[in-house]
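*Asks:* Have a look at the structure that comes next, please.
The values are calculated or read from the model by the stated rules, or taken from the named source; none is laboratory data. None of these values were measured; they are calculated from a predicted model. We place every Cβ from the backbone using ideal geometry, glycine too, and count neighbours over all the protein chains shown. Side chains are part of the model used for accessible areas, which takes the heavy atoms of the whole protein and leaves out ligands, DNA and RNA. Shrake-Rupley method; radii C 1.70, N 1.55, O 1.52, S 1.80 Å.
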Amino acid sequence: MRIGVVFPQIELGGDVGALRAYGQGVEELGYAHVMAFDHVLGADPDVHKGWDGPYDVHTTFHEPLVMFGYLAAITRLELVTSIIILPQRQTALVAKQAAEVDLLTEGRFRLGVGLGWNRVEYEALGQDFSTRGRRAEEQIALMRRLWTEQTVTFEGEFDRVTGAGLAPLPVQRPIPVWIGAQSPAAYRRAGRLADGWFPQMSPGPRLDEAKAVVEEAAAQAGRDPAALGMEGRLPWRGDADEVAELARRWRESGATHIAIDTMRAGLATVDDHLAALATAAEALGLRR
């Protein structure tokens, strides 16, 4: 089971020095990968009355794929989006950006995708919120062709490509696509289409039920359920023993990857986040 971290997007602001210190620091601690969340725009609650989303116009987010270009130059970490909100973006452009990150990391990249929940963001990016599920499935198929074929002709419901392709192609052909899932429809989509999935719960009966749906969908699609990756998140709340126990439970649940999440734990600086991750790394027995 590979152990990584969740980049604390909402707590380090736009400090480039903190980003550099964080990336290099977690690599020195022996973590395998950095996972980053995604939001292009935040909604202004003064305009959108009654706004109850977890993020707003004041919440800071680095754009993950651009940030990964920077981290690729200063670390040897695997870089993971969890998740890029795929249907609000142009398919060919995401494929190109992902291919570039894959090249810069020499193949240490996973593209995690999902549908998102923020209608305000979809509107601003000129995309239809109501068709996002169908569009994501088509996008995944098209991206995989763009990553593996020099020239592509494709006619879909949402995208059309006529005799065009990416150059250079990525190292991984295709790049692994993982899906963030927290509904039965998303579990089935992950089973049918994904190389791995990100559950949005802790080990227990709910995870067992979700995993069964994913595996059934994979089998029905003629795929090997055992070949799908699964990455769980471990929230840091100051208790190293709790982290070690939750990691054990994830391992027993079949997780191939886990990521330690230090957000919302009252950590004010990058040094605070790294200190917490150092304690977690010791509890988890990480070694360089």
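*Asks:* What net charge do the residues around residue 246 carry, taking every other residue with its C-beta under 12 Å from that of residue 246, with Lys and Arg at +1 and Asp and Glu at -1?
*Replies:* Residues close to residue 246 contribute a combined charge of -1.
*Asks:* While we're looking at this one, here's another question. Measure nothing fancy, just the Cα-based angle from helix 91-104's long axis to the longest principal axis of the chain, in degrees from 0 to 90, nearest 10.
*Replies:* So the helix axis and the longest Cα principal axis differ by about 50 degrees.
*Asks:* Taking the alpha-carbon centroid of each part, what is the distance from region 143-208 to region 235-288 in angstrom?
*Replies:* For region 143-208 versus region 235-288, the Cα centre distance is 28 Å.
*Asks:* So, one more: Got the relative contact order for region 121-200 handy, in percent, Cα pairs under 8 Å and 6 or more residues apart?
*Replies:* With pairs under 8 Å counted, the relative contact order is 22 percent.
*Asks:* Cα axis of helix 16-28 to longest principal axis of the chain: angle in degrees, 0 to 90, nearest 10?
*Replies:* With rounding to tens, the tilt is 80 degrees.
*Asks:* Separate question: What length, rounded to one decimal in nm, is gained on full extension from residue 164 through to residue 51, with 0.36 nm per residue of separation minus their alpha-carbon distance?
*Replies:* Details: separation 113, 0.36 × 113 = 40.68 nm, distance 4.18 nm.
Once the chain is fully extended between residue 164 and residue 51, it gains 36.5 nm.
*Asks:* Under a plain spin-label model, where a point goes 7 Å from the Cα along Cα-to-Cβ, how far apart in nm are residue 76 and residue 129?
*Replies:* For the pair residue 76/residue 129, the computed spacing is 4.5 nm.
*Asks:* Further question on the same structure: Once you treat every alpha carbon in region 1-152 as an equal point and sum by Debye, what is log10 I(q)/I(0) at q = 0.12, 0.13, 0.20 Å⁻¹?
*Replies:* Log10 I(q)/I(0), no solvent term: -0.55, -0.65, -1.29.
*Asks:* Follow-up question, since we're still on this one. Principal axis lengths of region 85-125 from Cα atoms, whole Å, largest first?
*Replies:* On the principal axes, region 85-125 reaches 35, 16, 11 Å in Cα extent.
*Asks:* Next up: Could you please tell me the mean projected area of the C-alpha convex hull for region 199-240, averaged over all directions and given in square nanometres to one decimal?
*Replies:* 3.6 nm²
*Asks:* With the contact rule set at Cα under 8 Å and sequence spacing of 6 or more, what percent relative contact order holds for region 83-138?
*Replies:* Contact order relative to length: 50 percent.
*Asks:* Over the chain, one equal point on each Cα, no solvent: what is log10 I(q)/I(0) by the Debye formula at q = 0.10, 0.12 Å⁻¹?
*Replies:* Here log10 of I(q) over I(0) equals -0.54, -0.79.
*Asks:* So in the chain, what percent of DSSP beta bridges are antiparallel if you round to the nearest 5?
*Replies:* Numbers: 3 of 33 bridges.
Beta bridges within the chain, antiparallel portion: roughly 10 percent.
*Asks:* Taking only the alpha-carbon positions of region 174-288 and ignoring solvent, what does the Debye formula give for the base-10 log of I(q)/I(0) at q = 0.21, 0.22 Å⁻¹?
*Replies:* With one equal scatterer per Cα and no solvent, log10 I(q)/I(0) is -1.06, -1.12.
*Asks:* Which residue, 40, 130, 111, has the largest displacement toward the positive end of the dipole of region 1-142 when charges sit on each Cβ (Lys, Arg +1; Asp, Glu -1)?
*Replies:* Of 40, 130, 111, it is 111.
*Asks:* Would you mind checking which residues have amide H under 5 Å from residue 260's amide H? H placed 1.01 Å from N; only 5 or more apart, or other chain.
*Replies:* Close amide H contacts, sequence-distant or interchain: 4, 5, 6, 234.
*Asks:* How much length is gained if the chain between residue 10 and residue 60 is pulled fully straight, taking 0.36 nm per residue apart and subtracting their Cα-Cα distance, in nm to one decimal?
*Replies:* 17.5 nm
*Asks:* Taking θ = phi - 60°, what integer Hz values does the Karplus form 6.51 cos²θ - 1.76 cosθ + 1.60 yield along region 235-240, in sequence order, with x for Gly and Pro?
*Replies:* Running phi through 6.51 cos²θ - 1.76 cosθ + 1.60 with θ = phi - 60° gives x, 8, 10, x, 10, 5 Hz.
*Asks:* Same structure, new question: Running a GNM on the chain with Cα contacts under 10 Å, which residue among 262, 105, 131 ends up with the highest mean-square fluctuation?
*Replies:* Between 262, 105, 131, it is 131 that shows the largest mean-square fluctuation.
*Asks:* Under a 5 Å amide H to amide H cut-off, with H placed in plane at 1.01 Å, what residues pair with residue 197 once short-range neighbours are removed?
*Replies:* Distant-sequence amide H within range of residue 197: 179, 229, 230, 231.
*Asks:* Give me the accessible area per residue for the chain, probe 1.4 Å, as a whole number in Å².
*Replies:* I get 45 Å² per residue for this part.
*Asks:* So, one more: Given the options 69, 254, 222, state which has the largest fluctuation in a GNM of the chain using a 10 Å cut-off (strictly under) for Cα springs.
*Replies:* In this elastic network of the chain, the residue with the biggest mean-square fluctuation among 69, 254, 222 is 222.
*Asks:* Between residue 148 and residue 242, what FRET efficiency follows from the Cβ-Cβ distance if R0 is 41 Å, with the result rounded to 0.05? List each step's numbers first, then the result.
*Replies:* Working: r = 43 Å, r/R0 = 1.04.
Efficiency at R0 = 41 Å is approximately 0.45.
*Asks:* If you roll a 1.4 angstrom probe over the protein chains with everything in place, what fraction of the accessible area of the chain belongs to carbon and sulfur, to the nearest %?
*Replies:* It is 49 percent, rounded to a whole number.
*Asks:* Given the peptides 25-31, 187-193, arrange them by the average over their residues of other C-beta atoms within 10 Å, most packed first.
*Replies:* Order by mean packing, descending: 187-193, 25-31.
*Asks:* Relative to a virtual label point 7 Å from the Cα of residue 1 in the Cα→beta-carbon direction, which members of region 233-250 show backbone nitrogen distances below 11 Å?
*Replies:* 233-234, 243-250, by backbone N distance to the label point.
*Asks:* Let me have the 222 nm mean residue ellipticity of the chain computed from DSSP H runs of 4+ only, each contributing -39500 (n - 2.57), with the sum over all residues rounded to the nearest 500.
*Replies:* Helices in the chain give a 222 nm mean residue ellipticity of -12500 deg cm²/dmol.
*Asks:* Check residue 127: other-chain or 5+ apart residues with amide H under 5 Å from its amide H, H built from backbone geometry?
*Replies:* Amide H neighbours of residue 127: none.
*Asks:* Same structure again: For region 1-29 and region 99-142, compute the distance between their C-alpha centroids and round to whole Å.
*Replies:* Result: 23 Å between the Cα centres.
*Asks:* Run the numbers on the chain and let me know its relative contact order in percent, using alpha-carbon pairs under 8 Å that are six or more apart. Please report the intermediate quantities before stating the final value.
*Replies:* Numbers: 524 pairs, mean separation 56.3, N = 288.
Dividing the mean separation by the residue count of the chain yields 20 percent.
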